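First the structure, in the form of structure tokens, and then the observations on it.
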Amino acid sequence: MKTFANMNPRTLEQAVSFAQQASKDAKTVSFVGGGSDLLGLVKEFIIKPDVLVNLNTIKGLDQVTSAAGGVNIGGLITLDALGSHPLIRSQHTVLAEAAETVATPQIRNVGTLAGNVCQRPWCWYFRNGFPCLKNGGETCFSIIGENRFHAIFGGGPSYIVHPSDTAPALVALDAKFRIVGPAGERVVPAADFFVLPQQDATKENVLAADEVLAGVQLPPTHPGMRSTYNKVLDRESWTHAVVSAAVVLEMDKEICRSSRVVLGGVAPIPWRLAKVESMLTGQRITPALAAKAGETAIEGAQKLSKNAYKVPLTKALIRRTLLALVTRA
């Protein structure tokens, strides 16, 4: 591991300034919060930063506050704190449930919301230094290689899946991301934050190298809103989702007035199921409709040689999640 300088800013503006100066000095820079993903990337020599900008010295980035009927969440809140926060658990259950499924208790105690959203792919070719598209090469080795955990939607030219649990929940909640950079602050809808490989195979989101995901804004909740996150694993110990579903329903007694249904673990970005949402709107969600929604959810799936099992898993997960949510008290 190479030596690096550590910078301790007091404000986000100062953090961005440190990053800009490092770039002007032809040095590579990384922002660090919890650091769990960054440490792995450095140890594997995937990134080799000259400068680390430590965001933990900036006060107030780990808070949950009410604002204009909605909720503001600091990007440095730990996943453990997010999952157990009473306001998030009661009003935005899908996010609390997603946060509490991430990794292990030890990692959730240090890992942050922003870090979970912005983590790099866990494809073994990328993580083991193969010259793939994510490492500056021209090939996605998973196409004819080991691909049992890779994408069935939105793939090509890279077939990675986005590893975040909280990202599908945030898209389902119609969240907005507050980004701070040299040009000041900008707000980006969660659905527009993530980048498909067809747009840029080297990136997973719209952040520039000198920008920080400072926080998340959640809109106000509505009467009858209920939500949940459901995750399928290949083993009980720490791992990422094989398939996951974040579902937010606005119910008027037994009728679904609106819905947002987003898949994780199956695409390079959180994969929203707009056709399923249209099917549910204005309807009573019966077992038959939930089954039909599961069938619709897998339309357009493109299987690789070893990941066809994800298709029936996705279908069953959507059906099961919808039925469990509409019967939740």
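The values are calculated or read from the model by the stated rules, or taken from the named source; none is laboratory data. Here the structure is a predicted model, which is why all the values come from computation and not from measurement. Glycine also receives a Cβ, built like all others from the backbone with ideal geometry; neighbour counts cover every protein chain displayed. Areas reflect the complete protein model, heavy atoms only, side chains present, ligands, DNA and RNA absent. Shrake-Rupley method; radii C 1.70, N 1.55, O 1.52, S 1.80 Å.
Remarks
- Backbone N within segment 264-294 under 11 Å of label point (7 Å from E254 Cα along the Cβ vector): 284-287
- Counting only protein heavy atoms and a 1.4 Å probe, the chain has 45 square angstrom of accessible area per residue.
- Rounded to the nearest 20, the size of the Cβ-charge dipole of segment 219-329 about its Cα centre is 140 debye, with Lys and Arg at +1 and Asp and Glu at -1.
- Using a Gaussian network model of the chain in which every pair of alpha carbons under 10 angstrom is joined by a spring, one finds that among K275, K134, K303 the greatest mean-square fluctuation is at K275.
- For segment 60-165, pairs of C-alpha atoms spaced more than 24 angstrom apart make up 40 percent of the total.
- Based on C-alpha pairs under 8 angstrom that are at least 6 apart in sequence, the chain has a relative contact order of 17 percent.
- Mean Cα-pair separation over length for segment 150-204, i.e. relative contact order, pairs under 8 Å, 6 or more apart, %: 34 percent
- Expressed as a whole percent, the accessible area of the chain that falls on carbon and sulfur atoms is 53 (1.4 Å probe).
- Violating pairs (Cα-Cα greater than 21 angstrom) within the set K275/K315; K27/K59; K231/K310; K43/K231: K27/K59; K43/K231
- Projecting the alpha carbon convex hull of segment 1-97 along each direction and taking the average yields 7.6 nm².
- 13 Å beta-carbon shell around V42, net charge (K/R +1, D/E -1): +2
- Total formal charge among the other residues, if their Cβ is under 14 angstrom from that of V161, Lys/Arg +1 and Asp/Glu -1: +4
- Acute angle (nearest 10 degrees) that the helix 310-326 long axis makes with the longest principal axis of the chain, alpha-carbon atoms: 70 degrees
- Ellipticity estimate at 222 nm from DSSP helix runs (n ≥ 4, -39,500 (n - 2.57)) divided over the chain, nearest 500: -8000 deg cm²/dmol
- Principal semi-axes of the equivalent ellipsoid, √(5λ) from the alpha carbon gyration tensor of the chain, are 33, 25, 16 Å from largest down.
- For segment 69-110, radius of gyration divided by Kirkwood radius, i.e. Rg to Rh on alpha-carbons: 0.96
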